[in-house]
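Encoded as structure tokens, the structure appears first; notes follow it.
The values are calculated or read from the model by the stated rules, or taken from the named source; none is laboratory data. Computed from a predicted structure; not experimentally measured. When we count neighbours, we look across all protein chains shown, and the Cβ atoms used for this are built from the backbone with ideal geometry, even at glycine. We work out accessible area using only protein heavy atoms, side chains counted, and drop any ligands, DNA or RNA first. Shrake-Rupley method; radii C 1.70, N 1.55, O 1.52, S 1.80 Å.
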Amino acid sequence: MIVITPAELDALRSQLADQAVALESLAAIADCEGDLGDAAIVLALRAQQLPEAEGEEWLASLAKRCRPILCEATVQAALQAQQWLPVFEQVLASQWVPPLLVLPVILYARKTGLDRFCPSV
């Protein structure tokens, strides 16, 4: 289970304060006591998606769609430095996942470990 701590939620809220959709995602994560998999299911249902698997398993498959972006060197560097806004904006602009699920996808990739998430080239 991937858990986002209250301190991490506060840091994310601070950096993403101008992104209403990110704040809605963060509120759902907080309501799920930081459980990213549970929050992803809640957000998927709000986005009118029908998850075919449980929490993190479904989130993992959704995150794979964003690998081309999340595995770019500049994006990985931003994630390592916890610079959330540019990564959020880039994934949001791609329209590869519903807006409410952009932040959970990014957090999944970061918390899983970018070295594990991104296939070696």
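Exactly one residue out of D38, D115 is under 17 Å from I2 (Cβ atoms), modelled with pLDDT under 90 and open to solvent by 20 Å² or more (accessible area, probe 1.4 Å): that is D115.
So which residues in the stretch 53-69 are over 14 Å from the mean Cα position of the chain (by Cα) and assigned to a helix (DSSP H, G or I), if there are any at all? Passing the criteria: only P68.
Out of contact with any strand residue (DSSP E or B) (no Cβ under 6 Å at 6 or more places or on another chain), not aromatic (F, W, Y) and not in a helix (DSSP H, G or I): does that describe Q76? Answer is no for this residue. Residue count for the stretch 90-112, restricted to those that are in contact (Cβ under 8 Å) with a residue 24 or more places away in the chain, over 12 Å from the mean Cα position of the chain (by Cα) and open to solvent by 70 Å² or more (accessible area, probe 1.4 Å): 1. Yes or no: the stretch 70-82 includes at least one residue that is open to solvent by 60 Å² or more (accessible area, probe 1.4 Å), under 22 Å from A28 (Cβ atoms), touching a residue at least 12 places away in the same chain (Cβ under 8 Å) and of a type outside the set (V, I, T). Yes, because at least one residue in the stretch 70-82 is open to solvent by 60 Å² or more (accessible area, probe 1.4 Å), under 22 Å from A28 (Cβ atoms), touching a residue at least 12 places away in the same chain (Cβ under 8 Å) and of a type outside the set (V, I, T).
Quick one: is L50 over 23 Å from A11 (Cα atoms), at pLDDT below 90 and either in contact with a Lys or Arg (Cβ under 8 Å, 6 or more places away or on another chain) or not in a helix (DSSP H, G or I) (or both)? Write out each step before concluding.
Working: over 23 Å from A11 (Cα atoms): yes; at pLDDT below 90: yes; either in contact with a Lys or Arg (Cβ under 8 Å, 6 or more places away or on another chain) or not in a helix (DSSP H, G or I) (or both): yes.
Judged against the criteria, L50 is a match.
For E33, the conditions (1) surrounded by fewer than 18 Cβ atoms within 10 Å (Cβ to Cβ); (2) modelled with pLDDT of 95 or more; (3) in a helix (DSSP H, G or I) are fulfilled apart from (3).
Taken as a whole, the stretch 42-65 holds at least one residue that is surrounded by fewer than 17 Cβ atoms within 10 Å (Cβ to Cβ), under 16 Å from M1 (Cα atoms) and of a type in the set (S, T, N, Q).
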